[in-house]
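Visitor: Structure provided below as structure tokens; questions to follow.
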Amino acid sequence: MSIGKPRNEDGRFANILVVDDTAANLQVLTGMLKDRGYKVRPAPSGKLALLAAQRDPPDLILLDINMPEMTGYEVCERLKADGNLRGIPVIFISALTEQLDKVKAFAMGGVDYITKPFQMEELHARVATHLMLRRLQVELEEVNARLEKANIRMSRDLHAAAKIQESFLPCQKPRMPGLDIAWVYRPCDELAGDGLNVVPLGNGLVGLYVLDVSGHGVASALLSVTMSRLLSPPSDPSSILVREGGVGERSEVTPPAEVAHHLNKLFPFDSATGQFATLVYGVLNTAAGKFRYVSTGHPGPIHLPKVGQPVILESRGTPIGLAEGEYEYEERSVHLGEGDRLFLYSDGIPEAMDPSGTLFGNSRLLDAITRGRSQSLEECVGNLSRAVTEWYGGEKPHDDLSILGTGFRKL
């Protein structure tokens, strides 16, 4: 961008408003600037200058200070008070050389100060410099305006995406005899890599899962939503939680290990995104109290018996996407007695760190669950979530927090 360039970026000649009550000075300035290719509009008074600027805002104003009726300071003050004109650079011109005059000129919003008599090359250099700065300012404002629009659009899209994620959470507590449900789901950003749900499967069976896609942001959320769609109720055609039976036979619930195997085949590890997922998924038989589950590198479920200490159940398994070939996931089971509770959760719970970097850990997790034994399931889950949040000590959580608790009552 050339300093002496008389044209703006849109191809038109730079428009300069020259304000001076002395006709000779006005003629000299106008001639000097026109010789350089600028479009020049002379104004012999401050009042006419304001009218001219309002009618057609110039790219730059050369403004004399000492004028009758309205001084250059007053004109500049009026310009800076106008939202449409305040960004126009004003160069004061005057025969005054006192330092206080220059200070006042800058205080009123002027960008430069030129003393009479004019030095042609100095005048052109300063005019060209401030025109260039003005162009850069306008370009920056345009870029910022586009960025603001893009941010608004992105925020709207993220909000919509978050709503889609929320649609895969339990919409209400499933009314299943013998079963209490409570959950907490707190993304650390607008979108989460976590997912959880409670899925009635019919005949007294209910599917429970918590999944955690590696990373954060849009990519993780997309994979989480896709997997959640496959872990939908049997009424959804995309669900893999039931499989077709033989000829003349009804469909049957897919064993948890087979669900994990199917997901691993559908979502192989992609080195471009580096994504994989951990999952704990199980089927609870509400009549028998048996919970059959599979874990794919996910923290083990916690079994809290009505009497006794909580136990973290075994959870060996390779994360979804990282298991190679015909890797076979192992199914495990636990029996729930009257008054027992079961907790599924993401690693954002035990791996929450306080400001000093200390992990919340499994011991505090088990203690919090034990203390909540006498509370309702909903209170217990809520207090556990608050304990983890307080552990952060005001810091922003670095991971999503998901807890799914169940309470078992024999029918």
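Visitor: Restricting to the range 172-216, what's the tally of residues that are outside any strand (DSSP E or B) and more than 19 Å from Gly274 (Cβ to Cβ)? Before you say what the answer is, go through the steps one by one.
Guide: Of all residues in the range 172-216, those outside any strand (DSSP E or B) come to 172-178, 187-193, 203-204, 214-216.
Okay, now just the ones that are also more than 19 Å from Gly274 (Cβ to Cβ), so 172-178, 187, 190, 203-204.
Of the residues in that region, 11 qualify.
The rows are residues; the columns are (1) part of a helix (DSSP H, G or I); (2) closer than 21 Å to Gly407 by Cβ.
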residue	(1), (2)
Ser239	no, no
Leu263	yes, no
Leu284	no, yes
Phe291	no, yes
Glu314	no, no
Glu328	no, no
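Visitor: Next question, about the same structure. Does Asp56 satisfy the criteria of being among the charged types (D, E, K, R), over 22 Å from Met132 (Cα atoms) and at pLDDT 90 or above? Don't jump to the end; show me each part of the working.
Guide: Numbers: among the charged types (D, E, K, R): yes; over 22 Å from Met132 (Cα atoms): no; at pLDDT 90 or above: yes.
Taking the combined requirement at face value, the residue does not satisfy it.
Quick grid of which residues meet (1) buried (at least 16 other Cβ atoms within 10 Å of the Cβ); (2) among the hydroxyl-bearing types (Ser, Thr, Tyr); (3) touching a residue at least 12 places away in the same chain (Cβ under 8 Å):
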residue	(1), (2), (3)
Lys34	no, no, no
Ala49	yes, no, yes
Asp64	yes, no, yes
Met70	yes, no, yes
Ala81	no, no, no
Arg86	no, no, yes
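Visitor: Looking at the range 217-238, which of its residues are surrounded by fewer than 19 Cβ atoms within 10 Å (Cβ to Cβ), over 15 Å from Leu279 (Cβ atoms) and in contact (Cβ under 8 Å) with a residue 24 or more places away in the chain?
Guide: Gly217, Val218, Ala219, Pro233, Pro234
Visitor: Hey, among the residues in the range 368-408 that are among the charged types (D, E, K, R) and within 21 Å of Leu336 (Cβ to Cβ), which one's surrounded by the most Cβ atoms within 10 Å (Cβ to Cβ)?
Guide: Taking the range 368-408 first, the residues among the charged types (D, E, K, R) are 371, 373, 378-379, 386, 390, 395-396, 399-400.
Still in the list and also within 21 Å of Leu336 (Cβ to Cβ): 371, 373, 378-379.
Values: Arg371: 13, Arg373: 14, Glu378: 17, Glu379: 12.
So, considering only residues that are among the charged types (D, E, K, R) and within 21 Å of Leu336 (Cβ to Cβ), the one surrounded by the most Cβ atoms within 10 Å (Cβ to Cβ) is Glu378.
Visitor: When the residues of the range 377-411 are filtered to those that are outside any helix (DSSP H, G or I), in contact with a strand residue (DSSP E or B) (Cβ under 8 Å, 6 or more places away or on another chain) and under 14 Å from Pro187 (Cβ atoms), which remaining residue is modelled with the highest pLDDT?
Guide: So the residue we want is Ile403.
Visitor: Looking only at the range 293-320, how many residues end up being out of contact with any Asp or Glu (no Cβ under 8 Å at 6 or more places or on another chain) and either in contact (Cβ under 8 Å) with a residue 40 or more places away in the chain or of a type in the set (Val, Ile, Thr) (or both)?
Guide: Number of matching residues: 11.
Visitor: Could you tell me whether the range 125-140 includes any residue that is part of a helix (DSSP H, G or I), of a type in the set (Gly, Ala, Ser) and free of Cβ contacts under 8 Å to residues at least 24 places away in the same chain?
Guide: Looking through the range 125-140, none of the residues is part of a helix (DSSP H, G or I), of a type in the set (Gly, Ala, Ser) and free of Cβ contacts under 8 Å to residues at least 24 places away in the same chain.
Visitor: Count, please, the residues in the range 107-124 that happen to be part of a loop (DSSP other than H, G, I, E, B) and touching a His at 6+ places or on another chain (Cβ under 9 Å).
Guide: From the range 107-124, those part of a loop (DSSP other than H, G, I, E, B) are 108-111, 116-119; that's our starting set.
In the following step, the residues that additionally are touching a His at 6+ places or on another chain (Cβ under 9 Å) were identified as 111.
Residues meeting the conditions: 1.
Visitor: Next question. For the range 330-341, name all the residues that are outside any loop (DSSP other than H, G, I, E, B), out of contact with any Gly (no Cβ under 7 Å at 6 or more places or on another chain) and surrounded by 14 or more Cβ atoms within 10 Å (Cβ to Cβ). Break it down stepwise before answering.
Guide: Taking the range 330-341 as the starting set, the residues that turn out to be outside any loop (DSSP other than H, G, I, E, B) are 332-335, 341.
Subsequent filtering for residues that are out of contact with any Gly (no Cβ under 7 Å at 6 or more places or on another chain) retains 332-334.
The answer is Arg332, Val334.
The values are calculated or read from the model by the stated rules, or taken from the named source; none is laboratory data. Being a predicted model, the structure only gives us computed values, none of them experimental. When we count neighbours, we look across all protein chains shown, and the Cβ atoms used for this are built from the backbone with ideal geometry, even at glycine.
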